[in-house]
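Chemist: The structure is given below, and queries will be raised subsequently.
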Amino acid sequence: MRYFDSNATMPLCAAAKVAWEEALENLWLNPSSPYRAAARVKTRLEDARSRVASLLGVSSTRVVFNSGATEGNNSIFAYWSTALPESARIGISPTEHPSVIESAKYYFGERVEWLALDPSGAVAIEAINFKQMDAISVMAANHETGILNPWQEIANAAKNAGVLYHCDASQWVGKGQLNKIGDCGYVTACGHKFGGPQGVGFWVLPEVESNFIALHGGAQETGRRAGTENVASILAMVAALQAAKIGNVNGRDDLIAALPEFECVGLDAPRLWNTALLIAPKFASSRWIRALEVRGFLVGSGAACATGKAGSSSVLEAMGYLPSAMSRTLRLSANAETTAKDWSDLAEAVRVVYQELESEEAKQSLTTVIDL
């Protein structure tokens, strides 16, 4: 079975498996316990933090481990709701992940300002009025379309304006260059999006941020996120991040060219190298997904967290697409191990499935005519 739903989750990479198994065998003690054996576990935990910091080009004091992007995003908005004035206004992109949109609406309600998009679907930085906002949240790369936002420019502009900036980098970390992501004040990242385990991630917090507390309780994570650390998953995640590779766009672009009947959302925009969101000319996403799985390909239809909401995509809605188009989407997202042949074989499978679905429709129409 060939896998093309990597924006939903990636398989645990080889380096992560080795690190995880070694930690489960030898590093299972509570890192906060008072004896020397536990201190060795604590040392490995702090070494993992330092490795993340080094990859991102930030101080290790800025890196805080958590359970993933949903906790990460929710906690940022929860904190802002208490740290900022009651009148504070928050600017967010309408194409953000649900964990950002729903958190912003829950904590700030009518004080959420929806940022404008440019014709490609990226946030239009020139339309942001930083003077009217206290904080902004704009993701680095979109989870459905792969479209890249101008997050570095937004980070710089927000800093100059004295506006807090949060970047959900879940789809960027492990797929893009890391050395500038620390320029964003607040960052969330998620291990299973780049070959680490599910249920683990991290924040990058501002150097001067001393009041942020996601979970109250013990003194773990310098008091900013209470609870015994998931050491095995953290070490596996960091190993995956160190092993992450940036792929190329050749196979993806060849597939798009081979399927001219399909619209590629954001075709002319800067996008993640691994992602193509296609709108099929006919037939519901569910029919395409089932038929492609039978042929040995696992593909998505949009955000995994929104699966079950038929014909619904806040991302495509914000970009002006109608529900009829949203119901026909196929999100194809690869990883660095995906080959050009995998892409070409998928393109051929899509063409064959299209013919099969057309044939089924024709037979149903004929049956209906005969019945009449």
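Chemist: Against the definition (in contact with a Leu (Cβ under 6 Å, 6 or more places away or on another chain), at pLDDT 95 or above, among the charged types (D, E, K, R) and closer than 21 Å to Glu263 by Cα), how does Arg290 come out, yes or no?
Modeler: no
Chemist: Quick check on this structure: which one of Val64, Val58 is in a strand (DSSP E or B) and farther than 22 Å from Ile147 by Cα?
Modeler: Result: Val64 is the single residue among Val64, Val58 that is in a strand (DSSP E or B) and farther than 22 Å from Ile147 by Cα.
Chemist: Filter region 66-94 down to residues that are polar (S, T, N, Q) and in contact with a strand residue (DSSP E or B) (Cβ under 7 Å, 6 or more places away or on another chain) and give me whichever is farthest from Thr188 (Cα to Cα).
Modeler: Applying the filter and picking the extreme gives Ser93.
Chemist: Which one of these is at pLDDT 95 or above and touching a Pro at 6+ places or on another chain (Cβ under 7 Å): Ala318, Ala325?
Modeler: Of Ala318, Ala325, the one residue that is at pLDDT 95 or above and touching a Pro at 6+ places or on another chain (Cβ under 7 Å) is Ala318.
Chemist: Checking Val204 against (1) in contact with a helix residue (DSSP H, G or I) (Cβ under 7 Å, 6 or more places away or on another chain); (2) of a type in the set (A, V, I, L, M, F, W, C); (3) assigned by TED's automatic domain parsing to the domain that holds Arg351: exactly one of these is not met. Which one?
Modeler: Here Val204 meets the rest and fails (3).
Chemist: Which of (1) charged (D, E, K, R); (2) part of a strand (DSSP E or B); (3) free of Cβ contacts under 8 Å to residues at least 12 places away in the same chain does Glu113 not meet, given it meets every other one?
Modeler: That leaves (3) as the condition not met.
Chemist: Also, I was wondering about something else. Ser170 versus (1) surrounded by fewer than 21 Cβ atoms within 10 Å (Cβ to Cβ); (2) part of a loop (DSSP other than H, G, I, E, B); (3) in contact with a Lys or Arg (Cβ under 9 Å, 6 or more places away or on another chain); (4) at pLDDT 95 or above: which is the lone unmet condition?
Modeler: Failing condition for Ser170: (1).
Chemist: Would you confirm whether any residue within region 33-41 is part of a helix (DSSP H, G or I) and among the polar types (S, T, N, Q)?
Modeler: Scanning region 33-41, I find no residue that is part of a helix (DSSP H, G or I) and among the polar types (S, T, N, Q), so the answer is no.
Chemist: Within region 270-295, work out how many residues are polar (S, T, N, Q) and over 12 Å from Leu330 (Cα atoms).
Modeler: Residues that pass the stated criteria total 1.
Chemist: Checking the condition assigned by TED's automatic domain parsing to the domain that holds Ala140, farther than 30 Å from Leu278 by Cβ, over 17 Å from the mean Cα position of the chain (by Cα) and of a type outside the set (A, V, I, L, M, F, W, C), which residue from Ser32, Ser67 passes?
Modeler: Ser32
Chemist: Looking at region 246-276 only, could you name the residues that are more than 21 Å from Ala8 (Cβ to Cβ) and assigned to a helix (DSSP H, G or I)?
Modeler: Asn250, Asp253, Asp254, Ala257, Ala258
Chemist: Suppose we keep only residues that are among the hydroxyl-bearing types (Ser, Thr, Tyr), assigned to a loop (DSSP other than H, G, I, E, B) and buried (at least 16 other Cβ atoms within 10 Å of the Cβ) within region 84-108. Which one would you say is nearest to the chain's Cα centre (by Cα)?
Modeler: Checked region 84-108; the qualifying residue nearest to the chain's Cα centre (by Cα) is Thr95.
Chemist: Collect the residues in region 318-363 that are part of a helix (DSSP H, G or I), under 18 Å from Ala284 (Cβ atoms) and of a type in the set (Gly, Ala, Ser), keeping them in residue-number order.
Modeler: Ser324, Ala325, Ala349, Ser359, Ala362 - these are the residues of region 318-363 that are part of a helix (DSSP H, G or I), under 18 Å from Ala284 (Cβ atoms) and of a type in the set (Gly, Ala, Ser).
Chemist: Among the residues of region 66-90, write down those that are of a type outside the set (D, E, K, R) and without any contact (Cβ under 8 Å) to a residue 12 or more places away in the chain.
Modeler: Residue satisfying the conditions is Thr82 alone.
Chemist: On to the next question. So is Lys309 farther than 30 Å from Gln177 by Cα, in a loop (DSSP other than H, G, I, E, B) and at pLDDT 95 or above or not?
Modeler: Criteria not met by Lys309.
Chemist: Still on this structure, please answer the following. Would you pick out the residues in region 129-159 that are in a helix (DSSP H, G or I) and not hydrophobic (A, V, I, L, M, F, W, C)?
Modeler: Of everything in region 129-159, those that are in a helix (DSSP H, G or I) and not hydrophobic (A, V, I, L, M, F, W, C) turn out to be Lys131, Gln132, Gln152, Glu153, Asn156, Lys159.
Chemist: So which residues in region 326-341 are in contact with a helix residue (DSSP H, G or I) (Cβ under 8 Å, 6 or more places away or on another chain) and crowded, with 18+ Cβ neighbours inside 10 Å, if there are any at all?
Modeler: Listed by number, the residues that qualify are Met326, Ser327, Arg328, Thr329, Leu330, Leu332, Ala334, Thr338.
Chemist: Can Val18 be described as within 30 Å of Gly146 (Cβ to Cβ) and assigned to a loop (DSSP other than H, G, I, E, B)?
Modeler: In short, no.
The values are calculated or read from the model by the stated rules, or taken from the named source; none is laboratory data. Not measured: the values here are computed from a predicted model. Cβ coordinates were reconstructed from backbone atoms using ideal geometry, including for glycine residues, and neighbour counts include every protein chain displayed.
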